[in-house]
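Following: one structure in structure tokens, then a few remarks.
The values are calculated or read from the model by the stated rules, or taken from the named source; none is laboratory data. Small disclaimer: the values here were computed from a predicted structure and weren't measured. Neighbour counts run over all protein chains shown; Cβ positions are idealised from the backbone, glycine included.
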Number of protein chains: 2
Amino acid sequence: MKNTALIALATLATVLVTPAQAQFRTPEAAIKYRQSVMTVQGRAFYGTIGAMASGRMPYDAKLAADNAELVVMLSKLPWIAFGPGTDKGAPTDAKPAIWTEQARFKELGDKMQGEVVKLAAAAKTGNLDQLKAAYGPARDACKACHDAFTSQ
Amino acid sequence: MKNTALIALATLATVLVTPAQAQFRTPEAAIKYRQSVMTVQGRAFYGTIGAMASGRMPYDAKLAADNAELVVMLSKLPWIAFGPGTDKGAPTDAKPAIWTEQARFKELGDKMQGEVVKLAAAAKTGNLDQLKAAYGPARDACKACHDAFTSQ
């Protein structure tokens, strides 16, 4: 039986439960989760859509649309992993301001989520110019939140 | 200017480019990416859908359907990060068999992807019994590949 890792993962992912969403067992698990979301999102957003928008990669309409849809889904995920007490517990670039300026953090997060929805709509048109036009504001929205709330 | 991290992420994510997909700059980047996909997937699959299927978490039809859709998207992602030379470069549970038994690896990966598509269809019905019925085969398909190709 080699399902130790799968069982460990399941245990790591869920212990305390709310009606709507499972919480994280430890701050370390929350930090690992939100960083993982960012890693996957970074490849889809910068490494694929951004590469097409800047000409570093050939435009592939389906790949752009699929990745934009993925970004929309991922953009909803990390927030639950910034709960109280998750400012430390593993190496993290998250600044304390996330927990002391929650309204501003939410505002910038909401702005980003709105822009990536527009990006996905643009990607679905299959038109590179529309993708480029929507990519800039989405990138700026990512950057605004990272500038304000991460130490890198 | 604090966009160092974002630029670094963009650089990390894409350097060599094929017509369809960006490759990884280093084996470490590939390993980090595939592990991140698994972390995000683990929460959606085991920590949310699995928790509902086993009664550890109250059934929420929309949350189940959203997470199943996310799992379908994530299930497509890690494969590109198992390229030649990515068997080492960072701590990894991936066994050498991945690179010496590629047909079997692909077979189990394809099986898993098929099962999670069925899971998503079941989740969309809004019926917990259907979710439970589809969860088992999907979990077994995950486990079969992890048993064969990971060291934990």
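Here are some notes:
- Cβ pairs under 7 Å, 6+ apart, first in the stretch B:54-75 and more than 10 Å from chain A (Cβ to nearest Cβ), second small (Gly, Ala, Ser) and surrounded by fewer than 20 Cβ atoms within 10 Å (Cβ to Cβ): B:Ala61/B:Gly126
- Contact map, the stretch B:98-116: residues that are within 18 Å of B:Leu74 (Cβ to Cβ) paired with residues that are surrounded by 13 or more Cβ atoms within 10 Å (Cβ to Cβ) and among the basic types (Lys, Arg), Cβ distance under 9 Å, separation 6+ or inter-chain. Pairs shown: B:Gln113/B:Lys76; B:Glu115/B:Arg139.
- Scanning the stretch B:115-144 for residues that are among the small types (Gly, Ala, Ser) and at negative phi returns B:Ala120, B:Ala121, B:Ala122, B:Ala123, B:Ala133, B:Ala134, B:Gly136, B:Ala138, B:Ala141, B:Ala144.
- Meets criteria (of a type outside the set (Ser, Thr, Tyr) and over 19 Å from A:Ser36 (Cβ atoms)) for A:Gly136: yes
- Looking only at the stretch B:69-86, and only at residues there that are β-branched (Val, Ile, Thr) and touching a helix residue (DSSP H, G or I) at 6+ places or on another chain (Cβ under 6 Å), the one that is nearest to B:Lys111 (Cα to Cα): B:Val72
- Tally of residues being not hydrophobic (A, V, I, L, M, F, W, C) and not in a helix (DSSP H, G or I) across the stretch B:66-111: 14
- For the stretch B:66-88, the set of residues classified as crowded, with 20+ Cβ neighbours inside 10 Å, under 14 Å from the mean Cα position of the chain (by Cα) and among the β-branched types (Val, Ile, Thr) consists of B:Val71 only.
- Boolean, A:Asp140 is within 26 Å of A:Thr92 (Cα to Cα), within 14 Å of another protein chain (Cβ to nearest Cβ) and surrounded by fewer than 16 Cβ atoms within 10 Å (Cβ to Cβ): yes
- Scanning the stretch B:52-65 for residues that are touching a helix residue (DSSP H, G or I) at 6+ places or on another chain (Cβ under 8 Å), assigned to a helix (DSSP H, G or I) and surrounded by fewer than 21 Cβ atoms within 10 Å (Cβ to Cβ) returns B:Ala61, B:Leu63, B:Ala65.
- The condition of being within 18 Å of A:Gln41 (Cα to Cα) and not hydroxyl-bearing (Ser, Thr, Tyr) holds for only one of A:Lys88, A:Lys118, A:Lys95, that being A:Lys118.
- Residue list for the stretch B:112-152, filter: among the polar types (S, T, N, Q), under 30 Å from B:Asp87 (Cβ atoms) and either part of a helix (DSSP H, G or I) or modelled with pLDDT under 95 (or both): B:Gln113, B:Ser151, B:Gln152
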